[in-house]
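Worksheet: the structure to be examined is printed underneath.
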Amino acid sequence: MSATSLELKRLGGTGLLLSVLGMGTLTVSPAQNNLSPAAAGEILAYAVRRGINWLDTAHLYNNYAQIRAALDRLSVPPLIMTKTYAYEAEQVSRDFNYARRELGLDELTALMLHEQESPLTLAGHVEAFEALLQLRERGLIQAVGISTHSVSVVESLVRVRSDSSDLSIPEIYREADFVFALLNQTGIGLLDGSWQEMERAARAAERSGLGVLGMKLFAGGHLLSQRVQAVQAALSLDFVTSWSVGMGTKTEIDINLDWFCGREPDQKSLELTASQPRRLVIEDWCVGCGNCVSRCRSGALYLQRGRAEVDHSKCILCSYCAASCPYYAIKIW
Ligand code: SF4
Ligand code: SF4
């Protein structure tokens, strides 16, 4: 059955109502489509006017100017969910205040610990997590989350919420409001475990009261030839509140909105977007320093004959490597 507008769902035990489709903003950022604030603002504002009520960003994406340009165009602002790599309270404060200043906002909707790789990494981020909780207590953010590509991270968040004495992470993580997890039926991009295990863990997370957001439903472009099935599979996971999907054009927004509302998109638009898949490119000026190779947790990069090469079958277009290149030699087009 088709709906005229996107359904809204509550995120775990928070009071936040999210549209089931969220706007992943990495696509308009310098590391990907590199749109000007004006061009990006136009696209992001379009998504919001069409009913997408939250934007997924991160300190790393370096795109607050683009988001601010969208906010300037809108009378009703979207919810802003961002992420920090901070380990310490001071860095959380710096990242949070930077986001507020750049976005021209006093408060943000949610702040997450970015890219948590294992229970060990969570343990190492306790001070930052406590600082996030303090921001929530002061009413400066409404929710605190954990973003991850790791099954064991989601499992440990579930365990810490149960009465089990087998705590693999500090107890304070019981206070998390939601987890933002990589979920798709290829498992590409997972740091550990299988997609079935991630699905089980995320379902258990929702049952434990944690909100669940999903990312990478197209597996970083690997499921582009099966986009309808990928969206249907995503929507069948009823424990997920909402999906962040990176979209760089109004056409992509229209298509995803149609799918998420149960409608058939326009055939021409489908053909147009299918013929323009994104891909990671390493420019000729790569000097082979290897920074990107150690940054890629998917094992998609390697050095050969003095420069970086990419194994596209493993790349999920997360852009983490691009941010680590001192020579700006990595682009995703
Ligand atoms: S970080 Fe940049 S310069 Fe260094 S190997 Fe990777 S692409 Fe090349
Ligand atoms: S190569 Fe870069 S974009 Fe691709 S998975 Fe690795 S870090 Fe992400």
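Segment 265-303 and segment 170-186 have their alpha-carbon centroids 27 Å apart.
Using the Cβ-Cβ distance between Asp192 and Asp284 with R0 set to 35 Å, the FRET efficiency works out to roughly 0.50. Using a cutoff of 8 angstrom between alpha carbon atoms and counting only pairs six or more residues apart, the relative contact order for the chain works out to 18 percent.
Straight-line cross-link reach from Lys331 at under 12 Å between alpha-carbon atoms covers these aspartates and glutamates, not counting any fewer than eight positions away in the same chain: Glu283, Asp284.
Rounded to the nearest 20 debye, the dipole magnitude of segment 8-274 is 660 debye, with +1 charges on Lys and Arg beta carbons, -1 on Asp and Glu beta carbons, and the Cα centre as origin. Dividing the helix sum by the residues of the chain, where each DSSP H run of 4 or more adds -39500 (n - 2.57), gives a mean residue ellipticity at 222 nm of -10500 deg cm²/dmol.
With a Förster radius of 30 Å applied to the C-beta separation of Leu74 and Glu271, the computed FRET efficiency comes to 0.45. Placing R0 at 30 angstrom, the Cβ-Cβ distance between Asn34 and Arg263 gives a FRET efficiency of 0.45 after rounding to 0.05.
Using the Cα centre of segment 280-332 as origin and beta-carbon charges of +1 (Lys, Arg) and -1 (Asp, Glu), tell me which of Tyr320, Trp285, Ala308 is placed farthest towards the positive end of the dipole. So the residue we want is Tyr320. Only lysines eight or more places from Lys268 in sequence, or on another chain, were considered; those with a Cα closer than 17 Å are Lys250.
Taking label points 7 Å from Cα along the Cα-to-Cβ direction, Ser208 and Glu175 give a separation of 1.7 nm. The protection proxy used here, the mean number of other Cβ atoms lying within 10 Å of each residue, ranks peptides 202-214, 254-266, 283-295 as follows, highest first: 202-214, 254-266, 283-295.
Taking segment 178-204 and a reference point 7 angstrom along Cα→Cβ of Glu7, the backbone N atoms nearer than 20 Å belong to 179-181, 183-185, 199-200, 202-204. Partner aspartates and glutamates whose Cα lies under 15 Å from the Cα of Lys9, excluding those fewer than 8 positions away in the same chain, are identified as Asp177, Glu206, Asp238. For the options Lys268, Lys83, Lys250, a Gaussian network treatment of the chain with springs between C-alpha atoms closer than 10 Å singles out Lys268 as fluctuating the most. Assign one of three labels to segment 178-333, namely rounded, prolate or oblate, based on the Cα gyration tensor with a ≥ b ≥ c the square roots of its eigenvalues; rounded applies when a/c is under 1.5, prolate when it is not and a/b is larger than b/c, and oblate otherwise. Oblate shape, in that a/c is at least 1.5 and b/c is the bigger or equal ratio.
Only one residue of Leu103, Pro170, Val144 has its Cα farthest out toward the positive end of the dipole of the chain, where Lys and Arg carry +1 and Asp and Glu -1 on Cβ, and that residue is Leu103.
Counting only Cβ charges, +1 for Lys and Arg and -1 for Asp and Glu, the dipole size of segment 280-332 around its Cα centre is about 140 debye.
No lab work stands behind these numbers, since they all come straight from the coordinates. Computed from a predicted structure; not experimentally measured. Here the Cβ is made from the backbone with ideal geometry for all residues, glycine too, and neighbour counts use every protein chain on show.
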